[in-house]
Every structure is written in C-alpha cells, then in structure tokens.
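The values are calculated or read from the model by the stated rules, or taken from the named source; none is laboratory data. Computed from a predicted model, the values in this text were never measured in an experiment. Cβ atoms come from the backbone with ideal geometry, glycine included; neighbour counts cover every protein chain shown.
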Amino acid sequence: MSVRYGVHGDPLPQGKLDLPELREVPSEEDLAWAREFIAARRWREAVTYRETAPHEYVVRKWESGAQGQADFDRFVTCIRRFGYAEFYYRVRHIYWAIDDHKYWTMGWPIEETVVINRARLDAPEPWKKG
C-alpha cells in the first residue's frame, strides 16, 4: 500500500482524505441534535488503548435502518464542519469538542467511515509530551 502525505506532512494511506480545517460555528440546533445523537448511542471502551489513549467508539453497523445511517453520516459531517485539526503522533485528525468529550473519525470518505471515536477532553495524551 502506497502512502501519500497531506499538506501538513501527515501520512495519508490509500483512500484517506486530507481533510481541511473548516472551523464553522455550529448553530444551537446543530448542537442540540449532536447531543441527542451522542446520548442515544452505547459507546464502547477501546480496551486495547486503555493505558495509552483512552477512548470509546461507536460503529456504523450498530445503527439500524436508513435513519440510523443518515444520522451517523450527519454526525461525521458535523465533526468535519465544526472540528479543529490536531495530531495523534504523526497522524492528523479533525476533532470536534462537545461538552466533556472530543469526537473524531479516521479520515475516510463519509460513506467509508465505519467508526466514530470519542475521548474525554481531560484524557491523557502521552503523544504530546516531549
């Protein structure tokens, strides 16, 4: 698999997008909808990252019906519209902070995105030390 590099020098495996930092401001309606989406999901702990990068996730296939799929896509779109760019080691992601958590995907096109991640804003970030 060949690796391309984004405009910020981060590696972009085949198919991954070099997402821009749009930094739009969400409306109150966007925030209310996003909070409902978040509350309605069962977030699962990423056990293998418990010590190094504690976070939780939801998976697209856990969504039921066309509305569930549309809501998943809408939340991914919100992350990309309202989020900020930050690195996890050498990999750049777009994160959207809502209340006590930040949310991100792995940067694939929306229709190929299968996981939404979240971590507490106060979670340890050892990759930033140094």
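Brief remarks on what is shown
- Filtered by the rule that a residue be among the small types (G, A, S), at pLDDT 95 or above and in contact with a strand residue (DSSP E or B) (Cβ under 9 Å, 6 or more places away or on another chain), the stretch 1-44 gives a lone residue, A34.
- The lone exception for Y95 - which of (1) over 20 Å from A39 (Cα atoms); (2) assigned to a strand (DSSP E or B) it fails: (1)
- Among the residues of the stretch 98-111, the ones that are surrounded by 13 or more Cβ atoms within 10 Å (Cβ to Cβ), at pLDDT 95 or above and not β-branched (V, I, T) come to 4 in all.
- Residue list for the stretch 22-46, restricted to those being part of a loop (DSSP other than H, G, I, E, B) and surrounded by 13 or more Cβ atoms within 10 Å (Cβ to Cβ): P26, R41, W43, A46
- Residues satisfying the stated conditions in the stretch 106-126, i.e. more than 15 Å from R74 (Cα to Cα) and among the charged types (D, E, K, R): R118, R120, D122, E125
- Selection from the stretch 3-21 of residues that are out of contact with any Ser or Thr (no Cβ under 8 Å at 6 or more places or on another chain), assigned to a loop (DSSP other than H, G, I, E, B) and within 28 Å of K61 (Cα to Cα): G15, K16, L17, D18, L19, P20, E21
- Condition met for Y49 (of a type in the set (S, T, Y), under 26 Å from L22 (Cβ atoms) and surrounded by 11 or more Cβ atoms within 10 Å (Cβ to Cβ)): no
- Selected residue (criterion: nearest to P20 (Cα to Cα)) from residues of the stretch 107-123 that are of a type outside the set (A, V, I, L, M) and part of a loop (DSSP other than H, G, I, E, B): G107
- Among residues of the stretch 67-90 being within 13 Å of the chain's Cα centre (by Cα) and hydrophobic (A, V, I, L, M, F, W, C), the one that is farthest from P26 (Cα to Cα) is F87.
- Test set (1) without any contact (Cβ under 8 Å) to a residue 60 or more places away in the chain; (2) surrounded by 13 or more Cβ atoms within 10 Å (Cβ to Cβ); (3) of a type outside the set (D, E); (4) part of a helix (DSSP H, G or I) - A70 fails condition number: (2)
- All positions within the stretch 78-97 that are among the hydrophobic types (A, V, I, L, M, F, W, C), in contact with a helix residue (DSSP H, G or I) (Cβ under 8 Å, 6 or more places away or on another chain) and surrounded by 19 or more Cβ atoms within 10 Å (Cβ to Cβ): C78, F82, I94, W96
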